[in-house]
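For reference, the structure discussed in these notes is given below.
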Amino acid sequence: MGEHAAGRTLAEKVWDGHVVAKGEDGAPDLLYIDLHLVHEVTSPQAFEGLRLAGRKLRRPDLTIATEDHNTPTLAIDKPIADPVSRTQIETLRANCAEFGVRLHPLGDAEQGIVHVVGPQLGLTQPGLTVVCGDSHTSTHGAFGALAMGIGTSEVEHVMATQTLSLKPFKTMAINVEGTLRPGVTSKDIILAVIAKIGTGGGQGYVLEYRGSAIRALSMEARMTICNMSIEAGARAGMVAPDETTFAYLKGKPHAPQGADWDAAVEHWKSLVTDPDAVFDAEVFLDADELEPFVTWGTNPGQGISLSGAVPSPEDFGDENAKAAAERALEYMDLQPGTPMKDIRVDTVFLGSCTNSRIEDLRIAADIIRGREKDPDIRMMVVPGSARVRLEAEAEGLDKVFKDFGAEWRFAGCSMCLGMNPDQLEPGERCASTSNRNFEGRQGKGGRTHLVSPVVAAATAVRGTLSSPSDLDPLPGAAAGTTATAAA
Ligand SMILES: CC(C)[C@H](C(=O)O)[C@@H](O)C(=O)O
Ligand code: SF4
């Protein structure tokens with residue numbers, strides 16, 4: 001025991017502030033939940049459980065639902081053709097009506113991927129506990145919230161009690177110092193982190209992303225990083241709130257106003273890891289050295305610099321990693337030693353809760369503006385929410401994408417996981433801005449390379465995995481890229 005208690009990390013502060021009942025000897029604590037986000041896939045049994053128990057929803061005012069996974073991205077005014085998707089959507093609508101949950105249905109201006117909607121409404125705020133029956137709830141940690149994906153039985157527990165029983169966690173600092181080069185984005189940071197620590201490296205930990213490179217990122221770029229914390233196996237990922245966070249939140253529909261705003265900012269400023277706090281583990285990454293990062297395999301940790309080559313299973317010391325690489329290369333139909341930039345893709349997907357916010361669309365549009373799409377590439381652009389779509393259209397980005405030959409779709413999860421008509425054909429290869437490259441994730445037999453929005457855009461121009469620096473300069477433009485390090 002030390003002389004005096006050590007300082008606390010950000011995660012510990014938020015946790016401590018929500019304990020309703022403390023567990024003894026490593027048993028779970030009961031935590032109060034500030035915000036419960038709901039979508040159609042993981043809520044039906046939870047609502048059914050409440051119904052069977054004759055219970056009410058404890059806090060409808062802290063619960064909000066949206067339709068995202070099963071929604072079509074074309075002809076959204078027509079009935080949903082797929083019976084399973086239609087049933088899930090109709091069930092959500094009926095449940096929300098019965099239990100008094102605010103729902104943003106397809107066609108509503110606030111409909112969209114649950115992890116895009118919460119932040120854009122200003123519901124996601126520093127210091128809150130946020131849960132959702134969805135693994136990528138970690139996205140909301142970008143605001144300094146403790147945000148966790150939960151299972152359907154936990155969804156029911158939160159619905160019934162507004163609390164959740166949670167096991168203690170360990171803390172890991174992910175320190176990213178330096179300045180990103182042009183064309184390198186926050187997506188590359190997180191892909192590099194996962195390649196470094198592995199898909200199980202974060203197990204049991206709440207990650208805190210820190211350092212000058214993280215501080216320099218926009219809120220949307222921070223969300224991209226926190227979003228993929230779960231792909232490293234972590235319980236959650238967080239960034240301490242700062243002026244960037246406050247500026248993003250100010251004026252959002254659910255952000256505090258007037259004197260409440262000032263008081264909130266005062267409180268939020270205390271949500272930082274104390275200088276004398278000790279993390280259970282630390283990881284360091286040099287932002288100056290980072291290059292655009294892409295995956296070659298079938299888990300998000302199987303990634304490499306875009307300037308590199310497909311690795312050989314022999315490159316992996318560990319027998320499991322060797323076997324996993326062998327299997328991944330077979331599924332991906334790739335030969336060791338092939339330069340990543342020689343890999344031809346069929347489809348480019350710009351979307352998902354990782355990279356479908358307005359900044360993602362802007363930086364991709366900046367690259368393709370005035371350029372021609374490779375004629376054999378199919379490109380789909382799917383805004384994360386109806387609001388993002390409207391905003392993009394007000395800026396004329398839809399026209400940039402359409403002139404380029406891309407498909408401009410309505411908001412939803414879309415080809416991120418193909419629970420809707422947007423799927424890859426067997427054997428089709430896709431450069432995707434989403435977060436999972438599992439076998440069959442984007443359609444049976446489909447092959448996924450995870451990339452940043454700028455790599456997605458450059459790939460759509462050249463037809464092979466490419467970064468903006470591989471593109472010929474536009475006539476009259478200065479050499480280099482217009483992509484900023486902001487996304
Ligand atoms: C459908 C849902 C439960 C799932 C998740 O939890 O992540 C989905 O969003 C995904 O990305 O695979
Ligand atoms: S966009 Fe993809 S990762 Fe995000 S919630 Fe939807 S299916 Fe899951």
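The values are calculated or read from the model by the stated rules, or taken from the named source; none is laboratory data. The structure presented is a predicted model; accordingly, all values stated were derived computationally and were not measured. A quick note on method: Cβ atoms are made from the backbone with ideal geometry, for glycine too, and the neighbour counts reach across all protein chains shown.
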Restricting to the range 47-78, name every residue that is buried (at least 22 other Cβ atoms within 10 Å of the Cβ) and either within 16 Å of ligand 1 (Cβ to nearest atom) or free of Cβ contacts under 8 Å to residues at least 60 places away in the same chain (or both).
F47, I64, A65, T66, E67, D68, H69, N70, T71, T73
Find the residue count for the range 399-419, including only residues that are crowded, with 20+ Cβ neighbours inside 10 Å, away from ligand 1 (no atom under 12 Å from the Cβ) and not hydrophobic (A, V, I, L, M, F, W, C).
1
Report yes if some residue within the range 467-476 is surrounded by fewer than 19 Cβ atoms within 10 Å (Cβ to Cβ), within 16 Å of ligand 1 (Cβ to nearest atom), modelled with pLDDT of 95 or more and on the phi < 0 side of the Ramachandran plot; otherwise report no.
no
Consider I190 against the criteria (1) free of Cβ contacts under 8 Å to residues at least 60 places away in the same chain; (2) out of contact with any Gly (no Cβ under 9 Å at 6 or more places or on another chain): it satisfies all of them except one. Which criterion is unmet?
(2)
Considering the range 440-465, residues that are outside any strand (DSSP E or B), touching a strand residue (DSSP E or B) at 6+ places or on another chain (Cβ under 9 Å) and of a type outside the set (A, V, I, L, M), and then whichever is nearest to K187 (Cα to Cα), we arrive at S452
Members of the range 304-361 that are β-branched (V, I, T) and not in a loop (DSSP other than H, G, I, E, B)
I304, T347, V348, I358
Confirm whether G412 is part of a loop (DSSP other than H, G, I, E, B) and touching an Asp or Glu at 6+ places or on another chain (Cβ under 7 Å).
yes
Residue check, A109 against (1) under 25 Å from the mean Cα position of the chain (by Cα); (2) away from ligand 2 (no atom under 16 Å from the Cβ); (3) surrounded by 15 or more Cβ atoms within 10 Å (Cβ to Cβ); (4) part of a loop (DSSP other than H, G, I, E, B), all met but one. Which one?
(3)
Taking the condition under 16 Å from V14 (Cβ atoms) and not in a strand (DSSP E or B), does Q125 pass?
yes
Residues of the range 244-299 being part of a helix (DSSP H, G or I) and free of Cβ contacts under 8 Å to residues at least 12 places away in the same chain, in sequence order, are A247, G258, A259, D260, W261, D262, A263, E266
